[in-house]
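These notes are about the structure you will find just below.
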Amino acid sequence: CAKAIDFSPLRCKDVVLPLGAVFVVAHSLAKLNKAATSDYNCRVVECRLAAQIIAKKKGLNWINIKRLGELQSALNVDLPIMIAIVKEMLHEGPYSKQEVLKELDVSASELGKTSLTPN
C-alpha cells in the first residue's frame, strides 16, 4: 500500500500498487529554487490551459476548470477515455498564445485573470 498525495486541495489516500511495482528515488544534485523560477509553474499553467480548452470545446463552463482531473470528473469519464479526448481535442506540439486566446475566445487581459499565474 502507498499514499497518493494531491496538492490542490491537499489530501491523501491509500492506493494499492501492482505486484512488482518499484520506486526509484534519485537525487540529481541540481538545485532549483522553485519559488524563484517559472519552470515548475509553466507546466501547471500548460495543464490548466489544456483542461480549459477541452472544457470549452465540450461546452462546459471552462473558467471554473483548473485541473485535468476536474475536467475528467466534469466529463464523467475514466482515464482511458480522458486520454483519448486529450489526443482528439488538442494538437501535437506547443500552442502559441494567440492560439490559446482564439480557442478560449478571450483577450490577453482576460486570459491573465482566468488562467495564468504570476510565475
Worksheet entry | Backbone HN-Hα couplings from phi across region 81-90 [Karplus 6.51/-1.76/1.60, Hz, Gly and Pro as x] | 5, 4, 4, 5, 4, 4, 5, 6, 9, 10
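Could you tally the net charge around residue 96, taking each other residue with its Cβ under 11 Å from the Cβ of residue 96, Lys/Arg +1 and Asp/Glu -1?
On the way: positive: 97, 102; negative: 99, 103.
With Lys, Arg at +1 and Asp, Glu at -1, the net is 0.
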Practice prompt. Could you tell me which of 82, 27, 61 has its Cα farthest along the dipole of region 17-91 towards the positive end, charges placed at Cβ (Lys, Arg +1; Asp, Glu -1), taken about the Cα centre?
Written response: 61
Discussion item. Through the Karplus equation 6.51 cos²θ - 1.76 cosθ + 1.60, θ set to phi - 60°, convert the phi angles of region 67-79 into ³J(HN,Hα) values in whole Hz; use x for Gly and Pro.
Written reply: 9, 4, x, 5, 5, 4, 5, 5, 7, 6, 10, 7, 4
Item to complete: Take peptides 48-54, 77-83, 25-31 and line them up by average Cβ neighbours within 10 Å, highest first, as a rough protection proxy.
Response: 48-54, 77-83, 25-31
Item to complete: Let me know the number of lysine pairs in the chain closer than 23 Å at the Cα, not counting same-chain pairs under 8 apart.
Response: 27
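Helix-derived [θ] at 222 nm for the chain: sum -39500 (n - 2.57) over DSSP H runs of at least 4, divide by residue count, nearest 500? Please list the in-between numbers first.
Working: 5 runs with 53 residues, N = 119.
Mean residue ellipticity at 222 nm (helix-derived): -13500 deg cm²/dmol.
Each reported figure results from applying straightforward, stated rules to the coordinates on display, with no laboratory input. Note that this is a predicted model, so its numbers are computed, not measured. Don't worry about glycine lacking a Cβ; one is built from the backbone with ideal geometry, like all the others, and counts go over all protein chains shown.
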